[in-house]
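> Right, I'll just put the structure down here and ask away after.
What follows is calculated from the coordinates using simple rules that are stated; it is not laboratory data. Please read these numbers as outputs of a predicted model, since none were measured by experiment. Ideal geometry is used to build each Cβ from the backbone, glycine not excepted, and the neighbour counts take in all protein chains shown.
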Amino acid sequence: MATTLPLSTRGLLPAQRVATAATGESAVVRWVLIGVAVLFLALFIFLPLAIVFSQAFAKGIGPYWASLRQPDALSAIRLTLLAAGIAVPLNLVFGVAAAWAIGKFEFFGKSLLITLIDLPFSVSPVVSGLIYVLLFGLQGVLGPWLARHNLQIIFAVPGIVLATIFVTFPFVARELIPLLQAQGQEEEEAALALGASGWQTFFRVSLPNIKWGLLYGVILCNARAMGEFGAVSVVSGHIRGRTNTMPLHVEILYNEYQFSAAFAVASLLALLALATLLVKTLVEWRARRQLAESARWDGEEQIA
Amino acid sequence: MSIEAKNISKKFGQFAALDNVSLTIPSGELVALLGPSGSGKTTLLRIIAGLEFADSGTILFDGEDTTHRTARDRRVGFVFQHYALFRHMTVFENIAFGLKVRPRSVRPSKEQIHAKVHELLGLIQLKNLSGRYPSQLSGGQRQRVALARALAVEPSVLLLDEPFGSLDAKVRLELRRWLRQLHDEVHITSVFVTHDQEEALEVSDRVAVMNEGRIEQVGSPDEVYHHPNTPFVYNFLGSVNLFHGRMDDEIPAIHEAATGDFVYVRPHLLEIQRQPNGGSNFRAVIKHINSAGPLVKVEALSEWGAPVQVEMSQEKFQDLQLAKEETVFIIPKELKVFHKAI
């Protein structure tokens, strides 16, 4: 039915050109601003990062590997992976469920639920840890009952996992709520009217639509789960080889003046941060490209 | 399959979207729900579909109570105003969706699904675009895919919510003729919602005119246009001149002063003449003439100061040679008296 040629808007962007002309600054101002930003980044981000790695390898590659292969270091790495391995999938499920409820339905107490989801962001991590000590510790509310049944939560792995779950709870939900709200319910309604069950609708229609946002939330959640210090520190008890996570292990080594060992473990965390950034950028780029593509076609819609 | 809505009421908070609405749609008919925004037409459609549930009242499909069945169990095809295509699926996958999600025991084979989708792609004339994503289609193409997707599950009823609402004028015209044709071929009971009276009158077998949560009138396009029951219907189905007036000895007449009754007359049912005809005519001064288009639109001011719109053919306009600020006589050919204004 289209007789007109589709006009491609790619590479044109006249609006952008006009904007630079009208709102642009002089070259001097631009270079000064860019210079300040670069200097700031160099001082506060690149320099520390470089120091972490240079300190880690200060005594050469041999001691670096040796300090990573120490039983205590290995156990800390294992515990960090375990805590993240449990916290991230659980928060994935909780986050999707909560975001789903908030994004797609109207119900009483919705704003309260949103506030509760944000709570871990607004509460100091130390306080979060303390809550668990007060709940499950020997002197705590549930402590005596737990002790009678021989269940240890505080100063043990379950406490660390619980604290990690609490601190990282908002990441997935926060990422998905605006996305689900923006998408509305029409596609789900269409799926239901076509005879799909609730689960089919979720897995075939809703989930594919939020996959990039979800992945982004999971990446951030994972980074925080592995890097969390405050809350975990309170509930861990710092038992070497048993309840130390990587960040806690770094602190202990540092306090014992084992600088290169401390920085070796720290370099792993720094690598994790870099890898997270890389994946995050890739995901963002992929999601943006998808968005731009559909926007481009939306623009041409009027013509065809 | 026939549809019957009985005494349907629905409130959103304090707002009564539907107020005791009853409507019967005979099997195989194409019915338009016509009304301004907020008149409850979309709500009624969604309640028929099972996407929304009424506070009170019943919905019957072929005499069978479906009031409490969900959209999934009602076997309706629903077409959304903004298409609601699955954006991560191709055209083919979109159309096949309803067949693929069926329980294994009643799911058609892969080959059958393939054949069915291709049959529908032929019907919507998009055979060569089956691999495209919705974002790569034009609005008109998307709406046709949405229609094919709804038809794929062989629904007993087809429901369309402002199906052409977000398309530009030309595509809209083309698509609504196509819908009419399609309905003549498939003969599936269909209900579509629109706020465009031209669309409703052109496409449907019958029109239900809705206003403020109630149905004002149901009838064939001819009936509702020529014999409107209420001032609202008269006004909504075309342009109108509103005067004071009343029935004088069984004959409707225009009065200058308020009488408590109102006279409605369509612009094309007013005639302009140079000389008074001795009967029911009034003097007016021509204020504006728009002769672009099939009809010439004349705006005038009556002797008592009321604005009057008159439409006439180009031919008639050429004969009269009207000019601005000229005084003429207007003769109403067909008046309709209602006791209240809109």
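> Rg to Rh for segment A:128-254: what is it, with Cα atoms only and Rh by Kirkwood? Provide the component values of the computation, followed by the final result.
Values: Rg = 20.1 Å, Rh = 17.2 Å.
Rounded to two decimals, Rg/Rh equals 1.17.
> Kindly provide the GluC sites (Glu not before Pro) of segment B:195-294 that DSSP labels as loop, not H, G, I, E or B, and whose Cβ sees at most 15 other Cβ atoms within 10 Å.
On the way: sites: B:198, B:199, B:202, B:212, B:216, B:223, B:250, B:256, B:271; in loops: B:212, B:250, B:256.
In loop regions of segment B:195-294 (DSSP not H, G, I, E or B), the sparsely surrounded GluC sites (Glu not before Pro) are B:212, B:250, B:256.
> While we're here: Using only Cα atoms, locate the centre of segment A:93-138 and the centre of segment B:265-328, then give the distance between them in Å, rounded to an integer.
Going from one Cα centre to the other spans 71 Å.
> Please report the spacing between the Cα centers of segment B:211-261 and segment A:244-279 in Å, no decimals.
Answer, in whole Å: 82.
> I want to verify the translational diffusion coefficient of segment B:35-100 in µm²/s; compute it with Stokes-Einstein, Rh as the Kirkwood radius over Cα pairs, at 25 °C and 0.890 mPa s.
On the way: Rh = 13.8 Å.
Estimated diffusion coefficient is 178 µm²/s.
> If you split all Cα-Cα distances of segment B:150-302 into 10 Å bins from zero, what percentages do you get per bin, shortest first?
Calculated over all Cα pairs of segment B:150-302, the distribution is 8, 28, 30, 19, 11, 3, 0 percent.
> On to the next question. Taking each residue in B:81-89, count the Cβ atoms of any other chain within 10 Å of its Cβ, then average. What number comes out?
Values: counts 1, 3, 3, 10, 3, 8, 7, 8, 3.
Mean inter-chain Cβ contacts per residue within 10 Å come to 5.
> Of B:6/B:41; B:297/B:324; A:104/B:127; B:100/B:127, which sit over 23 Å apart, Cα to Cα?
Distance filter (> 23 Å) returns A:104/B:127.
> Averaged over all directions, how much area does the convex hull of the C-alpha atoms of segment A:125-177 cover when projected, in nm²? Working shown, then result.
Values: hull surface 16.6 nm².
Over all viewing directions, segment A:125-177 projects a mean Cα-hull area of 4.1 nm².
> How do A:67, A:128, A:111, B:2 line up, fewest other C-beta atoms within 10 Å first? Please list the in-between numbers first.
On the way: A:67 20, A:128 23, A:111 9, B:2 16.
Fewest-to-most Cβ neighbours within 10 Å comes out as A:111, B:2, A:67, A:128.
> Rounded, prolate or oblate for chain A? Axes are the square roots of the Cα gyration tensor eigenvalues, ordered a ≥ b ≥ c, and the cut-off for rounded is a/c under 1.5.
On the way: a/c = 2.48, a/b = 1.35, b/c = 1.84.
Oblate.
> While we're looking at this one, here's another question. How big is chain B on each of its three principal axes, counting only the C-alpha atoms and giving the largest first in Å?
Each principal axis gives a Cα extent; for chain B these are 80, 45, 33 Å.
> Let me ask you something else. Using DSSP to define loop residues, name the chymotrypsin sites (Phe, Trp or Tyr not before Pro) in segment A:63-137 whose beta-carbon has at most 12 other beta-carbon atoms within 10 Å.
Answer by residue number: A:105, A:107, A:108.
> What are the ³J(HN,Hα) values, in whole Hz, obtained from phi via the Karplus relation 6.51 cos²θ - 1.76 cosθ + 1.60 with θ = phi - 60°, for each residue of segment B:240-253 in sequence order, with x given for Gly and Pro?
Coupling constants for segment B:240-253: 8, 9, 10, 10, 6, x, 5, 7, 10, 6, 6, 10, x, 9 Hz.
> With springs only between Cα atoms under 10 Å, which of B:291, B:22, B:105 fluctuates most in a Gaussian network model of chain B?
B:105
> Counting only helical runs of four or more DSSP H residues, what would the 222 nm mean residue ellipticity of chain B come to if each run contributes -39,500 (n - 2.57) and the total is spread over all its residues?
Rounded to the nearest 500, it is -8000 deg cm²/dmol.
> Sort segment A:158-201 into rounded, prolate or oblate with this rule: let a ≥ b ≥ c be the square roots of the eigenvalues of the Cα gyration tensor; rounded if a/c is under 1.5, and if a/c is not under 1.5, prolate when a/b is larger than b/c, oblate otherwise. Provide the component values of the computation, followed by the final result.
Values: a/c = 8.36, a/b = 2.25, b/c = 3.71.
Oblate.
> If you don't mind, there's one more thing I want to ask. Convex hull volume of the Cα atoms in segment B:276-330, per residue, in Å³?
Numbers: hull volume 4.3 nm³, N = 55.
Expressed per residue, the convex hull around the Cα atoms of segment B:276-330 is 79 Å³.
> Report ³J(HN,Hα) in whole Hz for each residue of segment A:125-137, in order, from the Karplus equation J = 6.51 cos²θ - 1.76 cosθ + 1.60 where θ = phi - 60°; Gly and Pro get x.
x, 4, 5, 4, x, 4, 3, 5, 4, 5, 7, 10, x
> If you don't mind, there's one more thing I want to ask. What average count of beta carbons from other chains do you get within 10 Å of the Cβ of residues in B:133-144?
Details: counts 4, 2, 9, 5, 4, 9, 4, 4, 4, 1, 0, 1.
Per-residue shielding by partner chains comes out at 4.
> As a test, work out the antiparallel percent of DSSP beta bridges whose residues both lie in the protein assembly as shown, rounded to the nearest 5.
On the way: 52 of 70 bridges.
Percentage antiparallel, nearest 5: 75.
> Which percent of the Cα-Cα distances in the protein assembly as shown go past 39 Å? If you can, show how the numbers build up before the last one.
Values: 115603 of 208335 pairs.
When all Cα pairs of the protein assembly as shown are counted, 55 percent exceed 39 Å.
> Could you tell me which of B:260, B:244, B:213 has its Cα farthest along the dipole of segment B:208-268 towards the positive end, charges placed at Cβ (Lys, Arg +1; Asp, Glu -1), taken about the Cα centre?
B:213
> Using a Gaussian network model of chain A whose springs link C-alpha atoms within less than 10 Å, name the residue from A:83, A:50, A:73 with the highest mean-square fluctuation.
A:50
> Now, a different point. Under a 10 Å cutoff between Cα atoms, tell me which one of A:41, A:272, A:207 has the largest fluctuation in the Gaussian network model of chain A.
Top of the fluctuation ranking is A:41.
> Moving on to the next point. On full extension of the chain, what length is gained from residue A:259 through residue A:47, given 0.36 nm per residue of separation minus the C-alpha to C-alpha distance?
Values: separation 212, 0.36 × 212 = 76.32 nm, distance 1.74 nm.
Length difference between fully extended and current span is 74.6 nm.
> Check which residues have an amide H placed less than 5 Å from residue B:156's amide H, if you skip close sequence neighbours.
Those qualifying (amide H under 5 Å, at least 5 residues apart or on another chain) are B:77.
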